[in-house]
Amino acid sequence: MAREWRERMVEELQLKEYVFDLPMSKITSFRVGGPADLVVEAATHEELATVIEYCRREEIPWLLVARGTNLLVRDGGIRGVVVRLGRGFQEIKVWENNLLAGAGVALSRLAEAAAVAGLSGLEFASGIPGSVGGAVFMNAGAYGGEIGQLITGASLYQPGAGFIRRTREELGFAYRRSRLQDEGEILLDAQFLLIPGEEAEIRAKMAELNRRRKEKQPLEFPSAGSIFKRPPGAFAGRLIEAAGLKGVRIGDAQVAEKHAGFIINRGQATAREILSLINRVKEEVYQKSGILLETEVRVVGEEKEE
Ligand SMILES: Cc1cc2nc3c(=O)[nH]c(=O)nc-3n(C[C@H](O)[C@H](O)[C@H](O)COP(=O)(O)OP(=O)(O)OC[C@H]3O[C@@H](n4cnc5c(N)ncnc54)[C@H](O)[C@@H]3O)c2cc1C
């Protein structure tokens with residue numbers, strides 16, 4: 001695709017915060033992925049709507065990338081626009097037992113704000129490295145908690161239609177799923193209902209969960225967290241270990257020694273290596289256990305032409 005559209009878009013929309021050819025390895029926790037044609041940061045809800053509607057009209061593909069902790073971007077990068085959320089998506093408001101958070105708020109900051117307000121329920125989320133938007137999209141969860149359980153409603157932008165509100169029921173939460181995955185709607189902010197608690201107890205619980213995380217997870221290497229969803233009645237990590245795959249490597253991609261449910265980047269891994277390793281794990285686990293693993297991580301972008 002000829003790429004003069006980029007200059008035209010920047011000029012017509014008078015964009016201020018943008019980058020051409022940004023390697024996606026710089027904005028994803030896996031530290032892999034080729035360049036994105038154009039990365040645009042939307043500072044406000046209106047700017048976001050303008051960018052999305054421009055892309056729709058001009059038939060330019062777009063992808064929202066938040067903290068990039070659940071994404072595996074292929075080595076050829078991303079054609080079209082990567083949209084990021086700027087300062088207008090960072091607000092946190094607390095009243096009574098409610099908390100409202102902008103889509104760009106980091107989950108660690110959200111959990112901290114709840115602790116300060118003496119509100120319990122979000123302790124499980126304090127160590128998940130994503131944002132509110134990514135967490136709602138994925139219905140992120142850990143240690144028995146899930147983000148969708150705490151949400152009462154949300155504001156979204158529906159491409160082609162405008163700003164809307166949805167209730168929890170309408171957001172269609174299920175294990176690592178939400179309606180956002182099907183509809184292309186963008187979360188602007190979400191409202192949480194928590195329960196009153198003691199700040200010290202909330203902090204102690206967060207510290208304990210984060211200690212367990214550090215002990216069990218290979219946080220010293222780039223990754224995207226658990227690479228596979230939990231199959232019904234089983235644990236992906238245990239199946240992978242039972243198939244003898246712990247520590248197996250393809251290039252710089254490795255099934256983590258510390259936790260077989262993680263694939264880590266030992267330094268210079270490519271998306272191709274990581275994807276080959278994912279396929280090998282899927283095949284061998286299937287042969288050994290009859291269970292077909294499904295990736296939790298979202299694979300996006302183009303393959304690199306050789
Ligand atoms: C070390 C490590 C540990 C992890 N532990 C956990 C864990 O315990 N539990 C868990 O569930 N996950 C875990 N994860 C995965 C990841 O952090 C979560 O899935 C997180 O919710 C992703 O948020 P993000 O902001 O990084 O989203 P991104 O990776 O940027 O995006 C993920 C998807 O969400 C979409 N998206 C992002 N923001 C919006 C928005 N505002 N509106 C619409 N769509 C949006 C994107 O388009 C993309 O498709 C872990 C990851 C790492 C690296």
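The numbers here are math on the coordinates, done by the rules we state, and not lab data. These numbers come from a predicted model, not from an experiment. We place every Cβ from the backbone using ideal geometry, glycine too, and count neighbours over all the protein chains shown.
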Handout entry: Cα convex hull of the chain - mean projected area over all directions, nm²
Key = 16.2 nm²
Fill in the blank from the handout: Going residue by residue through region 133-148, the Karplus relation 6.51 cos²θ - 1.76 cosθ + 1.60 with θ = phi - 60° gives ³J(HN,Hα) values, rounded to whole Hz and with x marking Gly or Pro, of x, x, 6, 5, 3, 8, 6, 4, x, 6, 6, x, x, 9, 4, x
Handout entry: Under 5 Å, built H, 5+ apart or other chain: amide partners of L119
Key = G197
Fill in the blank from the handout: Sorted by chain and then number, the residues having a modelled amide H within less than 5 Å of the amide H of G301, at least 5 places away or on another chain, are R74
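For the chain, calculate the relative contact order in percent as a whole number, restricting contacts to Cα pairs under 8 Å that are 6 or more residues apart. Show your work: numbers first, answer last.
On the way: 645 pairs, mean separation 55.9, N = 306.
With pairs under 8 Å counted, the relative contact order is 18 percent.
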Problem - Whole-Å distance, taken between Cα centres, linking region 10-37 and region 122-176 - result: 25 Å
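What is the calculated FRET efficiency for E46 to K26, with r their C-beta to C-beta distance and R₀ = 41 Å, to the nearest 0.05?
Numbers: r = 27 Å, r/R0 = 0.66.
The calculated FRET efficiency here is 0.90.
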Problem - Expected 222 nm ellipticity per residue - DSSP helices of 4 or more, -39500 (n - 2.57), all of the chain, to 500 - result: -9000 deg cm²/dmol
Exercise for the section: Return the FRET efficiency for the residue pair Y175, R8: r is the Cβ-Cβ distance, R0 is 45 Å, and the value is rounded to the nearest 0.05. Expected result: 0.60
Fill in the blank from the handout: Candidates N279, N210, N265; GNM for the chain (alpha-carbon contacts under 10 Å) flags as most fluctuating N279
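Count the net charge of all other residues whose Cβ sits under 15 Å from the Cβ of G121, scoring Lys and Arg as +1 and Asp and Glu as -1.
Numbers: positive: R168, R203, K205; negative: E96, E112, E123, E146, E198, E199, E201.
With Lys, Arg at +1 and Asp, Glu at -1, the net is -4.
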Handout entry: Burial ordering of M206, M138, fewest other beta-carbon atoms within 10 Å first
Key = M206, M138
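State to the nearest 20 debye the size of the charge dipole of the chain about its Cα centre, where the only charges are +1 on K and R beta carbons and -1 on D and E beta carbons. Show your work: numbers first, answer last.
Numbers: 41 positive and 43 negative charges, 213 e Å.
Around 1020 debye, computed over the chain.
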Problem - J(HN,Hα) series, region 281-288, from Karplus relation 6.51 cos²θ - 1.76 cosθ + 1.60, nearest Hz, glycine and proline x - result: 4, 4, 4, 6, 5, 5, 4, 7
Problem - Lysine pair number, Cα distance threshold 21 Å (strictly under), the chain, separation 8 or more or different chains - result: 18
Problem - Low-density loop cleavage sites - trypsin sites (Lys or Arg not before Pro) in region 1-90, where at most 15 other Cβ are within 10 Å (DSSP) - result: R3, K16
Practice task
Kindly write out, for region 118-127 in residue order, the coupling ³J(HN,Hα) from the Karplus curve 6.51 cos²θ - 1.76 cosθ + 1.60 (θ = phi - 60°), rounded to whole Hz, with x marking Gly and Pro.
Solution key: x, 10, 9, x, 9, 4, 4, 8, 5, x
Exercise for the section: Rank A161, A49, A113 by mean-square fluctuation in a GNM of the chain with C-alpha springs under 10 angstrom and give only the top-ranked residue. Expected result: A161
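Determine the dipole magnitude for region 39-117: charges of +1 sit on the beta-carbon of Lys and Arg, -1 on that of Asp and Glu, nothing else is charged, the reference point is the Cα centre, and the result goes in debye to the nearest 20.
Numbers: 9 positive and 10 negative charges, 43 e Å.
Here region 39-117 has a charge dipole of around 200 debye.
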